[in-house]
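Here, each number is a calculation from the coordinates, and none is a lab measurement. Keep in mind the model is a prediction, meaning the values are calculated, not measured. Ideal geometry is used to build each Cβ from the backbone, glycine not excepted, and the neighbour counts take in all protein chains shown.
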Amino acid sequence: MLAPFALEIVLGKAGAIAIYLLIGFGFGFVLEMSGFGNSRKLAAQFYFKDMTVLKVMFTGIVVAMVLIFWTTGLKLLDFSQVWVNPTYLWPGVVGGLIMGVGFIIGGFCPGTSLVSASTLKIDGIFYLAGVLFGVFVFGETIDNFRGFWTSSDFGRLTLTDWMGLPTGIVVSLLVAMALFMFWGSEQLERIFGKRDLTRDPKLRIAGGGLLLLLALGLIPLGQPSIMDRYEMIASEKEPMIEQRQVQIHPGELLDLMYDDMVQLVMLDLREERDFNIFHLLGAERVDPANLAPLARELSTGPEVAVHVLMDNDESIVTDAWRELTARELHNVYILEGGLNNWLDLFGHEGHDLCTASISKERDGLNHEFQAALGSSHYPALPEHDALDLQFEARVKLEKKRAVKAGGCGG
Amino acid sequence: MSQTNIKQGVQPTKGKPYANPYLGGVLLGVVLFLAFFLTGNGLGASGGMNRVVVCVQDLFAPDHVDRTPYLLNMAGGEKNPLDHSLVYVMIGAILGGAASGLIHGRTRPETNKGPGISVKQRWALAFIGGAIMGYGARFARGCTSGQALSGGASLSAGSWLLMFCIFGSAYGLAYFLRKTWN
């Protein structure tokens with residue numbers, strides 16, 4: 001079974017709670033052990049005297065990162081099910097700047113104040129009370145500036161997406177950056193904190209080297225490709241294709257085009273030439289070789305939408321459907337029989353701009369047009385009830401995010 | 001080898017010295033990884049605290065909670081805000097911190113502060129700083145643990161940005177608060 005696990009199903013409610021408590025226990029234990037219950041230790045970070053905060057935090061980040069991407073690379077962990085904090089650019093910047101102020105004035109962050117309070121540090125208890133008060137005030141005031149708070153939403157944006165580099169390279173760069181920062185921190189401690197570096201264990205240098213090697217190893221290891229990821233869900237999705245549960249009748253698409261309650265996204269996968277000759281009103285042309293940014297853009301949109309893919313027939317849409325499904329886009333459907341089928345149904349109502357000609361090669365447009373009409377042609381948006389069509393509706397709206405919210409943001 | 005260096009940096013007033021930061025960091029990384037591997041989620045602190053606050057509010061003013069969209073999500077109607085993994089992680093963290101403090105002999109009532117301020121001033125600053133942090137952490141959708149640490153490891157672009165903003169503003173103000181700490 002692929003991690004992460006649906007703990008409450010595998011272990012039952014009590015078992016899941018036990019795991020959460022154990023994880024928390026390890027977290028608290030390590031924080032206290034490292035000195036994070038002591039506000040002087042934390043604050044010394046900002047005067048370059050004792051850089052423990054940076055060392056512990058960045059070591060923790062890069063060690064966890066290397067382990068995460070080794071296990072995803074070995075297909076033991078499904079990264080699409082790992083919670084990645086969504087990026088809200090400006091609220092994040094403002095929140096971060098506010099947090100820094102709280103950190104230097106109060107000497108803790110929320111997690112460290114927990115272990116400080118649990119070891120009876122009175123300043124930690126006051127800080128914890130302050131955090132609870134601040135959280136309370138936020139809950140009472142947030143609805144006044146919800147617009148800003150939900151603005152600049154980039155959704156699940158990772159550094160690999162943003163930089164456009166493979167995961168192994170990004171992780172290696174971050175590990176190298178962390179090691180450089182550790183070196184710099186030690187120099188600062190030597191200067192401002194009178195630290196004698198020769199008394200630090202040499203093992204740390206070996207550990208840093210090992211971590212960098214492990215990170216570099218991620219480059220040849222690689223991460224599962226999108227089709228590898230599809231393989232993991234293929235047993236569930238392939239029958240849907242075969243049983244034609246995702247192919248919708250033109251009549252159902254027409255209903256959707258006239259349904260004001262549904263946000264419809266029509267994606268036309270054909271070449272530009274065919275698209276210019278004829279396409280449905282409101283359809284967007286997309287390159288089937290470049291679906292990744294599209295999937296990201298569509299899956300971060302604020303509303304639940306129905307996505308309908310179309311081709312001249314059904315020759316290339318099915319692979320695109322597989323890819324978009326593997327990319328976690330929900331509510332993706334295929335126009336049954338493609339635009340040829342559409343034109344067969346709607347194309348010949350009292351006009352002579354196009355004629356059916358059956359003799360085209362596979363994947364071509366089966367209809368001949370006298371000019372490139374784009375969407376300015378009657379069948380681009382036929383009248384809703386022009387034909388009395390009988391079909392079985394297949395579209396079921398599904399919520400878009402499979403990964404449950406979590407982390408601190410829960 | 002590790003015995004020789006151990007007394008450097010800020011140390012507890014009583015009890016065993018703190019662990020080597022790199023050792024602490026590696027262990028923290030392993031715990032964080034296990035959290036992701038087993039549950040799909042990282043670590044968090046302020047999210048759990050948020051739910052405690054909302055629970056108290058729900059006790060005294062359930063109608064108010066049901067009318068406020070932000071609170072409704074967590075405790076609307078019959079929902080129990082405390083029945084959430086973050087709350088259990090938070091309770092675990094308190095127990096883990098207490099255990100480490102007891103084992104290493106560092107658990108004792110005291111107020112850690114710089115020599116330039118009184119104990120009462122330190123308490124006031126701790127409360128004020130905590131309130132600002134709590135507000136900012138919810139604004140940023142997560143604190144240093146849930147955003148910087150967890151989001152940092154899972155390569156969230158926003159979390160990395162947030163991390164630099166936290167450190168940036170704390171360093172920017174450090175000079176003005178030097179009397180508090182030094």
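Within chain A, the selection of entire DSSP H helices by a Cα span of 18 Å or greater along the long axis and an average Kyte-Doolittle value of at least -1.0 returns A:12-33, A:52-73, A:89-106, A:122-141, A:167-192, A:203-221, A:226-242.
Tell me the relative contact order for chain A as a rounded percent, counting alpha carbon contacts under 8 Å between residues six or more apart.
Numbers: 485 pairs, mean separation 65.2, N = 410.
Relative contact order of chain A: 16 percent.
Bridging of B:K79 to aspartates and glutamates at a Cα separation below 12 Å is possible for B:D58, B:D66, once same-chain residues fewer than 8 apart are set aside. The share of alpha-carbon pairs in chain A lying farther apart than 28 Å comes to 62%. Rounded, prolate or oblate: which fits the range A:7-227 when a ≥ b ≥ c are the square roots of the eigenvalues of the alpha-carbon gyration tensor, with rounded for a/c under 1.5 and prolate only if a/b beats b/c? Judged from the Cα gyration tensor, the range A:7-227 comes out rounded (a/c under 1.5). Binning the alpha carbon pair distances of the range A:126-267 at 10 angstrom intervals from zero yields the distribution 8, 15, 17, 24, 21, 9, 5, 1, expressed in whole percent.
When each of B:D66, A:D385, A:D78 is scored by the number of other beta-carbon atoms lying within 10 Å, the sequence from fewest to most is A:D385, B:D66, A:D78. Seen from all directions on average, the range B:1-99 presents a Cα convex hull projection of 9.2 nm². In summary, the aspartates and glutamates within cross-link reach of A:K75, defined as a Cα separation below 14 angstrom excluding same-chain residues under 8 places away, comprise A:D228, A:E231.
Taking a ≥ b ≥ c as the square roots of the Cα gyration tensor eigenvalues, with a/c under 1.5 meaning rounded and otherwise prolate when a/b beats b/c, else oblate, which class fits the range A:253-341? Cα axes put the range A:253-341 in the oblate bin.
Go ahead and collect, in residue order, the members of the range A:107-128 whose backbone nitrogen is under 20 Å from a label point 7 Å along the Cα-Cβ direction of B:F176. Backbone N within reach: A:107-109.
Beta-bridge orientation, chain A: approximately 25 percent antiparallel, per DSSP, counting only bridges with both partners inside. Positive end of the dipole of the range A:15-123 (Cβ unit charges, origin at the Cα centre): among A:L76, A:V101, A:Q45, the Cα lying farthest that way belongs to A:Q45. The equivalent ellipsoid of chain B has semi-axes of 31, 22, 19 Å, largest first, where each one is the square root of 5 times an eigenvalue of the Cα gyration tensor.
Counting other C-beta atoms within 10 Å, which of A:E323, A:E32, A:E231 has the fewest, and how do the rest follow?
Working: A:E323 20, A:E32 32, A:E231 13.
Final ranking by Cβ density, sparse to dense: A:E231, A:E323, A:E32.
Taking label positions 7 Å along the Cα-Cβ direction at both A:L281 and B:I103, the computed distance is 7.1 nm, reported to one decimal.
Between helix B:157-174 and chain B there is an angle of about 50 degrees, using the helix long axis and the longest principal axis of the Cα atoms. Fewest-first ordering of A:W162, A:W342, B:W123, A:W183 by other beta carbons within 10 Å of each residue's beta carbon gives A:W183, A:W162, B:W123, A:W342.
Between B:K79 and A:S235, what FRET efficiency follows from the Cβ-Cβ distance if R0 is 35 Å, with the result rounded to 0.05? Provide the component values of the computation, followed by the final result.
Working: r = 35 Å, r/R0 = 0.99.
Plugging the Cβ-Cβ distance into 1/(1 + (r/R0)^6) gives 0.50.
Which shape class, rounded, prolate or oblate, goes with the range B:68-150 when its Cα gyration tensor gives a ≥ b ≥ c as root eigenvalues, a/c under 1.5 marks rounded, and past that a/b bigger than b/c marks prolate? Show your work: numbers first, answer last.
On the way: a/c = 2.37, a/b = 1.48, b/c = 1.60.
Since a/c reaches 1.5 but b/c is at least a/b, the shape of the range B:68-150 is classed as oblate.
Could you tell me which of the pairs A:K121/A:K202; A:K41/B:K14; B:K16/B:K113; A:K202/B:K16 are separated by over 24 angstrom between their Cα atoms in the structure shown? From A:K121/A:K202; A:K41/B:K14; B:K16/B:K113; A:K202/B:K16, over 24 Å: A:K121/A:K202.
Spin-label model, A:R244/A:A372: points 7 Å from Cα along the beta carbon direction are separated by 3.4 nm. Distance from the Cα centroid of the range A:14-46 to that of the range A:306-334 is 46 Å (rounded to whole angstrom). For the range A:233-380, the share of DSSP beta bridges that are antiparallel, to the nearest 5, is 20%. Take the Cβ-Cβ distance between A:A6 and A:L216 as r, set R0 to 41 Å, and report the resulting FRET efficiency rounded to the nearest 0.05. So the FRET efficiency works out to roughly 0.75.
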